[in-house]
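Chemist: Dropping the structure in here first, questions after.
Where a number appears in this text, it was derived from the coordinates with a stated rule and is not lab data. Remember, predicted model here, so these are calculated numbers, not experimental data. Note that each Cβ is placed from the backbone with ideal geometry, even for glycine, and that neighbours are counted across all protein chains shown.
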Amino acid sequence: MKNNLLKSIILVLTILTWSCSKDDDYQTILLPTQVEIIYPSAAASYQTLDITYNDQFSIKTVTRNRSGNHKIIYTCSYNSERLLTKLKIVEQPSNIEREYQMQYTNSLLSKITELHSGTTTEYNIDYNSTTNTYKYNFPYTWKFNDAHDLEYYYFSSTTAFDITYSNGNAFNQFMKPQPALAILDSYFAENFFQDLFFLNKKPISMTRYEDLVSSDVIEHHYTNTFNANNKLIKSEIRVNTDVNPTIIKYITYQEKRY
């Protein structure tokens, strides 16, 4: 009897020790899972972005929920280097589909193939390692900084879009930077990247649109709020010198163990 009791005690202690060590092996992170986008001047204009992730904490799906039960679902696929290889876009309830496939040369984006309405179109992308710029069909040019955050986009010979960042952590620190998303957004995929501004490593403080002929300028100024964990939880976006924000974005996080 004593033998059995001793064995039982040892077994329980072993299980407890194993359980504690396994728990100690886990880490937790806070992943952004929803963005509420509010337009204060238009009470009926409201949408949310719901985000899911794969096992490597890269974005798997984004569901943009709009009024009238209208949704746009973005589904991302990656290669072994965690580089985006496919972006599928489905609009509901119409079920209109588009797909973009990315090819890489030496881990650098070299081609985007668009599949839409039974047609296939290929776009060759040229990369300049000296300036860290990607180009398609001059003058379309995207420049990135060392962290692969988008710095500017020239989308005509007379217009440009610049981004300024502030210090601190942006929305998602765990996803590998994806220059392909900025290129898809600004030329192909209808503001996917700009809505998901958190894909940058640093928070945006200002965007600047300039007409290089007329010198007209439109600036969007970001007032960012962080929580106690230094996570971005709110962005108020004002146009030029406006006092009231044009757009407010609220970010919700979920704790994940890995």
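Chemist: Counting Lys +1, Arg +1, Asp -1, Glu -1, what net charge surrounds L31 among other residues with beta carbon under 13 Å of its beta carbon?
Modeler: Residues close to L31 contribute a combined charge of +1.
Chemist: Let me ask something additional. Distance from a point 7 Å along Cα→Cβ of T85 to each backbone N in region 100-119: keep the residues under 20 Å and list them by number.
Modeler: Residues 100-116 fall inside that zone.
Chemist: Kindly provide the GluC sites (Glu not before Pro) of region 22-124 that DSSP labels as loop, not H, G, I, E or B, and whose Cβ sees at most 13 other Cβ atoms within 10 Å.
Modeler: E81
Chemist: Answer with one residue from A189, F161, S77: the one whose Cα lies farthest towards the positive end of the charge dipole of region 68-225, charges on Cβ with Lys, Arg +1 and Asp, Glu -1.
Modeler: Farthest along the dipole direction, towards plus: S77.
Chemist: Hey, another quick one. Show me, for region 136-151, the HN-Hα J-couplings you get by feeding each phi into the Karplus relation (A = 6.51, B = -1.76, C = 1.60, θ = phi - 60°), rounded to Hz, glycine and proline as x.
Modeler: Running phi through 6.51 cos²θ - 1.76 cosθ + 1.60 with θ = phi - 60° gives 9, 6, 2, x, 5, 9, 10, 10, 10, 8, 5, 8, 6, 7, 5, 9 Hz.
Chemist: Using a 7 Å offset from the Cα along the Cα-to-Cβ direction at both N106 and N240, what is the distance between the two label points in nm, to one decimal?
Modeler: Those two pseudo-labels are separated by 4.6 nm.
Chemist: Less than 15 Å Cβ to Cβ from L109, Lys/Arg counted +1 and Asp/Glu -1: what total charge do the surrounding residues give?
Modeler: +1
Chemist: Extension gain N230-K60, at 0.36 nm per residue separation less the Cα-Cα distance, in nm?
Modeler: Values: separation 170, 0.36 × 170 = 61.20 nm, distance 2.41 nm.
Using 0.36 nm per residue and subtracting the Cα-Cα distance, I get 58.8 nm.
Chemist: So if I place +1 on the C-beta of Lys and Arg and -1 on the C-beta of Asp and Glu, and nothing else carries charge, what would the dipole magnitude of region 31-88 be about its Cα centre? I want it in debye, nearest 20.
Modeler: 220
Chemist: Karplus couplings for region 99-105 from phi (6.51 cos²θ - 1.76 cosθ + 1.60, θ = phi - 60°), rounded to Hz, Gly and Pro as x?
Modeler: 9, 10, 10, 10, 10, 10, 10
Chemist: Here's another thing I want to ask about it. Would you mind computing Rg(Cα) / (2.2 N^0.38 Å) for region 96-157, counting N as its residues? Let's see the in-between values first.
Modeler: Numbers: Rg = 13.0 Å, N = 62, 2.2 N^0.38 = 10.6 Å.
Taking the Cα Rg and dividing by 2.2 N^0.38 Å, one obtains 1.23.
Chemist: Taking a threshold of 29 Å on the Cα-Cα distance, which of the pairs K143/K256; K71/K135; K60/K249 fall above it?
Modeler: Numbers: K143/K256 33 Å; K71/K135 31 Å; K60/K249 21 Å.
In this structure, K143/K256; K71/K135 lie more than 29 Å apart at Cα.
Chemist: Next question, about the same structure. Summing Lys, Arg as +1 and Asp, Glu as -1, what charge do residues with Cβ under 13 Å from the Cβ of N79 carry, N79 excluded?
Modeler: Neighbour charge sum, excluding N79 itself: +2.
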